[in-house]
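One structure below.
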Amino acid sequence: MPNKQKQPLPPQPLGPEAKRAIEAPKEMPVLPVRDTVLFPHAMLPLTIGRESSIEMIRSLGEEKIIAVVAQRDPQNDTPQPEDLYEVGTLALVHKIIPMPNKSLFIFAEGLQRIRLSRFTQVAPFLKAIVETLEEIEAPRTPEIEALESNIVSSFQQIVAASPNLSDELQAIVLTIDGPGRIADFVVSSLPFLTTPQRQELLETLDIAKRLDLVNRHLIKERQLVELRSKIEAEVQNQMAQGQKEYYLREQLKAIQKELGGDEEGREVEELRKKIAEAGMPEEVEKEALRELNRFSKMSPAAAEYTISRTYLDWLVTLPWNRTTDKPISIPEAHAILEADHYNLAKVKERILEYLSVLQLKPEMKGPILCLVGPPGVGKTSLGKSIARALGRKFIRISLGGMHDEAEIRGHRRTYIGALPGQIIQGIKRAGTRDPVFMLDEVDKIGRDFRGDPAAALLEALDPEQNFQFRDHYLEVPFDLSKVLFITTANVLDPIPEALRDRMEVLELPGYTEEEKIEIAKRHIIPRQAEAHGLTLEENIQFTTEALAELIRHYTREAGLRNLERN
């Protein structure tokens with residue numbers, strides 16, 4: 001049995017056998033069909049596969065008149081009388097062709113609408129008493145003529161726009177006479193109608209009402225066809241534009257190659273590869289690719305070419321995901337701190353506490369340590385020792401006398417010679433995103449009409465905010481939460497309260513005479529002797545009394561700077 005509506009053949013005039021078959025009600029064999037509704041005056045090819053239907057076709061006499069009725073559920077393989085629609089079509093079987101798979105292929109011509117009055121046989125195939133149904137003619141009013149004309153016009157438009165419908169249907173519909181036959185032909189020819197919709201139109205005996213229903217279906221389908229055509233046209237235009245751009249780009253590459261090589265193309269591909277390998281966050285990579293696409297379309301002679309290239313170089317060289325992988329060893333860190341600095345027990349204890357917690361929880365955010373003490377007590381050298389104990393890179397910038405906020409946050413790319421701020425520059429020099437970063441002389445930051453650098457430091461030194469630090473030059477967030485910031489100051493008073501609140505203060509008050517003597521013996525004298533090309537014990541010696549005399553009478557200070565100089 002057919003599983004979908006087949007394309008009907010053009011309507012044929014009724015022969016004498018067909019005319020005699022519809023004169024009076026009588027018993028007819030019933031052929032149930034799936035997903036198919038046969039209309040009067042239509043010729044429909046059908047494949048017969050059910051054993052009961054094959055037996056019914058083979059039992060036909062000379063007249064070969066049957067009732068073709070659609071079944072309600074197309075999945076039902078053994079339909080009973082209650083599974084069929086009541087209204088069907090009287091049909092004349094013109095030709096029967098046996099198929100290799102034992103099924104039959106027939107051509108059935110619709111004759112007349114019929115109603116199944118009563119079933120007289122169920123096995124081996126269905127038989128029923130049928131009565132013909134008379135159509136209610138529509139008067140030839142201007143409304144009916146306009147409706148008929150609109151149906152023909154809409155049908156022709158749909159056929160013209162549909163690749164699955166033969167263009168011959170446009171000419172055939174013009175040869176059909178009568179509004180009822182036109183409606184039946186249009187319905188039987190359109191593939192988009194469902195079986196229930198076709199059955200409703202088959203059961204509609206009032207021709208005026210049938211025309212109205214058909215017109216509604218055609219209007220809806222025509223709108224869908226127009227929408228599909230519009231979408232296809234837009235897609236084709238986009239594809240054509242894309243092909244045009246591709247063709248022009250290929251031409252441009254060929255011209256550049258003839259002029260001396262496609263250096264710009266290689267440069268763009270190299271940058272694209274670096275972006276893919278940089279390990280950027282998704283938001284940053286999206287911005288980098290957008291800028292690269294813009295850069296690829298620039299002429300090397302353009303004013304912004306160098307600016308865009310420099311910006312891309314900064315993005316691909318920053319250590320977005322590179323960190324120091326050295327494991328933390330508390331005994332090793334303790335030994336380094338003891339070797340580099342004498343005493344300072346409180347500071348060393350705090351550093352070892354931080355390292356211990358970092359060993360337990362590597363993703364911990366770095367604290368902001370502030371070393372406060374007089375000049376020469378070893379604040380900067382202590383920062384270097386912390387970096388050595390951690391196995392990280394050490395970066396130092398001096399904030400003394402800094403007035404411009406852009407030194408911290410960077411310049412916007414609208415300026416010629418714009419660069420990122422000192423923090424991002426230091427991160428780039430370090431090559432990792434977790435260096436030890438020393439901000440020296442934080443108490444000597446200036447402030448004028450160019451901005452307040454101390455206020456710009458607030459975001460960078462806040463562990464709750466610096467994971468999305470935005471430099472004005474980069475304009476994308478950079479994660480500073482892994483950086484161990486260490487600031488130094490001589491006194492706390494000049495530091496703004498908001499900035500001081502973000503830091504953990506460790507005081508280095510100065511050294512006693514005994515501590516200075518011990519530090520001089522361990523560190524200062526060997527360092528200065530080596531700097532002057534002297535060998536201790538052989539060329540020069542310092543007694544404890546001489547060191548004490550020098551400290552008491554010549555270098556009265558908290559630190560060691562004048563002692564080392566003298």
Checking PRO374 against (1) within 16 Å of HIS341 (Cβ to Cβ); (2) under 41 Å from the mean Cα position of the chain (by Cα), which single condition isn't satisfied?
-> (2)
Per the list (1) out of contact with any Ser or Thr (no Cβ under 9 Å at 6 or more places or on another chain); (2) open to solvent by 80 Å² or more (accessible area, probe 1.4 Å), residue check on PRO191 breaks on (1)
Tell me, yes or no, whether the stretch 266-275 has at least one residue that is open to solvent by 70 Å² or more (accessible area, probe 1.4 Å) and in contact (Cβ under 8 Å) with a residue 12 or more places away in the chain.
-> yes
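Kindly indicate whether GLN541 is at pLDDT 75 or above and touching an Asp or Glu at 6+ places or on another chain (Cβ under 8 Å).
Values: at pLDDT 75 or above: yes; touching an Asp or Glu at 6+ places or on another chain (Cβ under 8 Å): no.
For GLN541, the condition - at pLDDT 75 or above and touching an Asp or Glu at 6+ places or on another chain (Cβ under 8 Å) - is not met.
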Checking GLY400 against (1) among the small types (Gly, Ala, Ser); (2) surrounded by fewer than 22 Cβ atoms within 10 Å (Cβ to Cβ); (3) modelled with pLDDT of 85 or more; (4) touching a helix residue (DSSP H, G or I) at 6+ places or on another chain (Cβ under 6 Å), the condition it does not meet = (3)
Mind listing just one residue for me: the one in the stretch 328-342 that is modelled with pLDDT of 80 or more and of a type outside the set (A, V, I, L, M) and, of those, surrounded by the fewest Cβ atoms within 10 Å (Cβ to Cβ)?
-> PRO331
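Would you check if ILE136 is open to solvent by less than 50 Å² (accessible area, probe 1.4 Å) and either hydrophobic (A, V, I, L, M, F, W, C) or at pLDDT 85 or above (or both)?
no
Take VAL225 and decide whether it is open to solvent by less than 40 Å² (accessible area, probe 1.4 Å) and free of Cβ contacts under 8 Å to residues at least 24 places away in the same chain.
Considered against the rule, which asks whether it is open to solvent by less than 40 Å² (accessible area, probe 1.4 Å) and free of Cβ contacts under 8 Å to residues at least 24 places away in the same chain, VAL225 comes out as no.
Going by what's in this entry, would ALA345 be described as over 20 Å from ASN466 (Cβ atoms) and out of contact with any Gly (no Cβ under 6 Å at 6 or more places or on another chain)? Can you show your working first?
On the way: over 20 Å from ASN466 (Cβ atoms): yes; out of contact with any Gly (no Cβ under 6 Å at 6 or more places or on another chain): yes.
Yes.
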Taking first residues from the stretch 400-426 that are under 12 Å from LEU474 (Cα atoms) and among the small types (Gly, Ala, Ser) and second residues anywhere that are modelled with pLDDT under 85 and open to solvent by 40 Å² or more (accessible area, probe 1.4 Å), the pairs with Cβ under 9 Å that are 6 or more apart or on different chains are GLY421/GLU405
Scanning the stretch 208-264 residue by residue, those among the acidic types (Asp, Glu), modelled with pLDDT of 80 or more and closer than 25 Å to LYS297 by Cβ turn out to be GLU234
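Residues that are modelled with pLDDT under 90, more than 23 Å from GLU131 (Cα to Cα) and open to solvent by 10 Å² or more (accessible area, probe 1.4 Å): list the strands (runs of 3 or more DSSP E) wholly contained in the stretch 29-112 that include at least 2 such residues. Before you say what the answer is, go through the steps one by one.
Details: elements: 43-48, 65-70, 87-98.
Of the strands (runs of 3 or more DSSP E) lying wholly inside the stretch 29-112, those with at least 2 residues that are modelled with pLDDT under 90, more than 23 Å from GLU131 (Cα to Cα) and open to solvent by 10 Å² or more (accessible area, probe 1.4 Å) span 43-48, 87-98.
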Within the stretch 122-144, is there a residue that is part of a helix (DSSP H, G or I) and in contact with a Ser or Thr (Cβ under 8 Å, 6 or more places away or on another chain)?
-> no
How many of the residues making up the stretch 460-504 are open to solvent by 50 Å² or more (accessible area, probe 1.4 Å) and among the β-branched types (Val, Ile, Thr)?
-> 1
For the stretch 423-443, name all the residues that are open to solvent by 10 Å² or more (accessible area, probe 1.4 Å), in a helix (DSSP H, G or I) and touching a helix residue (DSSP H, G or I) at 6+ places or on another chain (Cβ under 9 Å).
-> LYS428
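The values are calculated or read from the model by the stated rules, or taken from the named source; none is laboratory data. These numbers were taken from a predicted model, which means no experiment stands behind them. Positions of Cβ are backbone-derived with ideal geometry, glycine not excepted, and every protein chain shown enters the neighbour counts. Keep in mind that these areas ignore ligands, DNA and RNA; they rest on the heavy atoms of the full protein, side chains included. Shrake-Rupley method; radii C 1.70, N 1.55, O 1.52, S 1.80 Å.
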